[in-house]
Amino acid sequence: MIVTRQKTIPCGFKPAFSKPDYAREWTAFGNQKRNPDHLINQATLDPDILVVRQDGMQTIYLRP
């Protein structure tokens, strides 16, 4: 799993899922077709998926 600790998200990426570190359930932004666990696994292979952990929150960003 690739997790970045960057402060700025590159242009074109939009949030897909988010959750605090202590939570089990993900919050979806919009209608998502893929499971967040699947996206995290695919983040190592797909440059259009970005997983960011920042300030106790884990967020998955997708480039449309």
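Values in this text are rule-based calculations from the coordinates and carry no lab data. All values reported here derive from a predicted model rather than from experimental measurement. With ideal geometry, Cβ positions are generated from the backbone for all residues, glycine too; neighbour counts draw on all protein chains shown.
The table below gives the values:
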read-out	value
Anisotropy class of the chain from Cα gyration tensor, a/c 1.5 cut	rounded
Hypothetical label at Ile9: residues of segment 38-64 whose amide nitrogen lies under 15 Å (7 Å Cα-Cβ projection)	40, 48-64
Radius 15 Å from Cβ of Gly30, net charge of other residues (Lys, Arg +1; Asp, Glu -1)	+4
